[in-house]
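What follows is a short report on a single structure.
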Amino acid sequence: MNRVVIFLAFAFFCACIPESEPRESMNVEGYVPVYGTTENTVIRLLTPQVVKNPGKIYLYENYLLINEVNRGIHIYNNEDPAIPLPVGFAELTGNTDMAIRNGILYADHMGSLVALTTNDFTELAEVGRLPISKWLLGVPPPSQSYFECIDSSKGVVIGWKKQTLKDPDCYAL
């Protein structure tokens, strides 16, 4: 028993010895947060937009929904799949996923799961919101990447910009 305690104490103290040499500086490709205000977090239905960075695609009744990664959802009337007609763009900052059931659109938005009535996509109205416990600072950084740590005093994160970082302290799994 005494040997185990002595070994654990030795291991603990060895692990706490500061490095004798400073660590080498490291430049890596990573991401810096883009901060926004509450204006950037409003959910609204806008006129149709051009699809630039498509994500998931979802079919619901006669509608085709295409996620615009981290920006929102493009809405098309898909009665004639050969010619989908643009209906509008649901601006949901940070959106990457969606589902619909019984006329309620469920989507991620700024660290929360929101439920929206669709009303045939003529208007959107929030009917509920559930915070996602692991991310309350806005749009999460891209996975498996270094990023500049978030400073919540600068606002909420509404996006990320790729950049070379010097000695980053944060990494997203």
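Taking each residue of region 68-79 that is in contact (Cβ under 8 Å) with a residue 24 or more places away in the chain and looking for partners that are outside any strand (DSSP E or B) and small (Gly, Ala, Ser) with beta-carbon atoms closer than 9 Å, six or more apart or interchain, yields 70/94; 71/94.
Look through 130, 92, 137 and report the one residue that is closer than 26 Å to residue 33 by Cα, hydrophobic (A, V, I, L, M, F, W, C), exposed (fewer than 12 other Cβ atoms within 10 Å of the Cβ) and modelled with pLDDT under 95.
Working: 92 fails: exposed (fewer than 12 other Cβ atoms within 10 Å of the Cβ); 137 fails: exposed (fewer than 12 other Cβ atoms within 10 Å of the Cβ).
Exactly one of 130, 92, 137 is closer than 26 Å to residue 33 by Cα, hydrophobic (A, V, I, L, M, F, W, C), exposed (fewer than 12 other Cβ atoms within 10 Å of the Cβ) and modelled with pLDDT under 95, namely 130.
Residues that are of a type in the set (S, T, N, Q) and more than 23 Å from the chain's Cα centre (by Cα) do occur in region 76-83, at least one of them. Put simply, of 139, 156, 87 the only residue that is among the aliphatic types (A, V, I, L, M) and under 21 Å from residue 61 (Cα atoms) is 87.
Does residue 107 satisfy being in a strand (DSSP E or B), touching a Phe, Trp or Tyr at 6+ places or on another chain (Cβ under 6 Å) and either in contact (Cβ under 8 Å) with a residue 60 or more places away in the chain or surrounded by 13 or more Cβ atoms within 10 Å (Cβ to Cβ) (or both)? Talk me through it step by step, then tell me what you get.
On the way: in a strand (DSSP E or B): yes; touching a Phe, Trp or Tyr at 6+ places or on another chain (Cβ under 6 Å): no; either in contact (Cβ under 8 Å) with a residue 60 or more places away in the chain or surrounded by 13 or more Cβ atoms within 10 Å (Cβ to Cβ) (or both): yes.
No, not satisfied.
Restricting attention to region 16-53 and to residues that are in a loop (DSSP other than H, G, I, E, B) and among the β-branched types (Val, Ile, Thr), the residue that is modelled with the lowest pLDDT turns out to be 17.
Being out of contact with any His (no Cβ under 6 Å at 6 or more places or on another chain) and farther than 21 Å from residue 53 by Cβ narrows it down to one residue among 122, 93; which is it?
Details: 93 fails: farther than 21 Å from residue 53 by Cβ.
None of the other options fit; the residue is 122.
In the set (1) modelled with pLDDT of 90 or more; (2) exposed (fewer than 10 other Cβ atoms within 10 Å of the Cβ), residue 66 fails one condition alone, (2).
Can you work out which of the residues in region 148-173 that are farther than 21 Å from residue 53 by Cα and either aromatic (Phe, Trp, Tyr) or touching a helix residue (DSSP H, G or I) at 6+ places or on another chain (Cβ under 8 Å) (or both) is surrounded by the fewest Cβ atoms within 10 Å (Cβ to Cβ)? Out of the qualifying residues, it is 171.
The values are calculated or read from the model by the stated rules, or taken from the named source; none is laboratory data. It should be emphasised that the depicted structure is a prediction, and the values quoted were computed from it without experimental measurement. When we count neighbours, we look across all protein chains shown, and the Cβ atoms used for this are built from the backbone with ideal geometry, even at glycine.
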